[in-house]
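The values are calculated or read from the model by the stated rules, or taken from the named source; none is laboratory data. Note that this is a predicted model, so its numbers are computed, not measured. Glycine gets a Cβ as well: all are built from the backbone with ideal geometry, and neighbour counts include every protein chain shown.
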Amino acid sequence: MKIINTVVRKRSLPNYTYLGCSMTKNRSPWCFRLCQPDNKGFGKCGRKAPHFYQGRIQLGIIEFEKQKNKNQSKNLNII
């Protein structure tokens, strides 16, 4: 007796299908940067949100502003 093997095929979206922006209901391949990304960096559409990531220059500016504010608060406490 022959054993019948069942084949389970994974049905996913084709690579050419664009999910679109859930905020504007637009079926476009790019992000409109309107949603607030979650802690892992994903937008409401499920894709990685490009406006979540920061480069080394942006991180340097943020660090500079923190140091600047820290020094200003020390100067105010002295006076």
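The criterion of being surrounded by 13 or more Cβ atoms within 10 Å (Cβ to Cβ), modelled with pLDDT of 70 or more and among the small types (G, A, S) does not hold for G20.
Is it the case that C35 is modelled with pLDDT of 75 or more, out of contact with any Ser or Thr (no Cβ under 6 Å at 6 or more places or on another chain) and hydrophobic (A, V, I, L, M, F, W, C)? Criteria met by C35.
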